[in-house]
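Any read-out appearing in this document is the output of simple, stated calculations on the displayed coordinates, not a laboratory observation. Bear in mind that the values here come from a model prediction, so they are computed numbers and not experimental data. Methodologically, a virtual Cβ is constructed for each residue, glycine included, from the backbone with ideal geometry; neighbour enumeration extends over all protein chains shown.
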């Protein structure tokens, strides 16, 4: 393994046996001719990738895609059926809430036990304990049995114990979704500190923004196979195609995710690509029952714009054609920064805005009106069209379709321009001036 490679997963597959009942297990064990009563289930199939030292990696996929099985194999909890995993460093893992904690032991006892399992002596854990207790911030509960803890207290202590043993590799599997906003912020700050110190981070989450913001490499698993890996923005685009664009048969060796093919009519009418601020690197998906054909950016008086100023009221006008009858149409818009941070997203259906059914062949104009309260910079705009007859089905979604250039009227930084007013007034002896 190369010096800069800390984890190497080579051809890893994992097979489990599934039984309909405990009785079938007994029958199989004692059957004189070794008759099989189980069904084979492959949780992972020929998974290959490498993680570099100091790299932050996001792993995404639906429930049952093989994420947790993969992490358990990397951490040594499970052994692969075939293939190999090479790990060059100490791993601290939060595979699930409270994994490895004894419910009858106190928090203090569990911290020391966790440290012993990581190879630390009692004296070394004495040096680290105050840092763990301070980060967990659960007060006197540190000396109470963990079975008495709330889920929030549990994850606080588990995370604090994991990150205060100077791990070479930190694995976090959805655990941070339990804590409150303040604790999550503290955790992500600590993760950043660990990464800046050279630790490798593996983050498993359904939060696309967390993957884009906190990782440099991402892996999309489905059906135990890697569907896409590489730059997080690209991987999350493929993941969204899968989630909103329909199921894919992962038993096919040549299965790949591709955008839905455009009809000849759509190709003739689609002029989005002719606009000056069109993003040729957009990604799109949907079932093809409707198509976004055109867009324009308009000012308050309806005048075409090439860029806007912070605070301006603008409209994004979109032309949509329907290729089938759609009884419950919905429309949405997203604004994101260049590095993929979601700034704002809204859709008509979630906001109880109902539109008339659309017939096959109908062409409509959809207008999104909003005040642009963004700091000066460049932002990408995405548009989606959906059907809500039974559950949400994406008809057409064009992600990062065009670039929005914003100029600030104020000298400020960040993402949102609050147009703050700064004033000064004397303070009376009794307190603030009324």
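The distance linking region 294-359 with region 78-152 is 48 Å (Cα centroid to Cα centroid, whole angstrom). Highest-first packing order for the peptide set 276-282, 385-391 is 385-391, 276-282, based on the mean count of other beta carbon atoms within 10 Å.
FRET efficiency for the residue 327 to residue 276 pair, using the beta carbon distance and R₀ = 45 Å, is estimated at 0.80. The order of 427, 415, going from fewest to most other C-beta atoms within 10 Å of their C-beta, is 427, 415.
When you restrict to C-alpha pairs under 8 Å that are six or more residues apart and normalise by the size of the chain, the relative contact order lands at 13 percent.
Between 0 and 90 degrees, the angle of helix 232-245 with respect to the longest Cα principal axis of the chain falls at about 80 degrees. Using the Cα coordinates of region 264-407, the gyration tensor eigenvalues translate into equivalent-ellipsoid semi-axes of 25, 16, 14 Å, sorted from longest to shortest. Rounding to the nearest 10 and keeping the result within 0 to 90°, find how far the Cα-based axis of helix 107-117 lies from the longest principal axis of the chain. The two axes meet at around 80 degrees. Taking the C-alpha atoms only, the angle from helix 181-196 to the longest principal axis of the chain is near 70 degrees. Its residues counted as N, the chain yields a C-alpha radius of gyration over 2.2 N^0.38 Å of 1.19.
Each Cα pair under 8 Å and six or more residues apart adds its sequence gap; the mean of these over the residue count of region 264-407 is a relative contact order of 32 percent.
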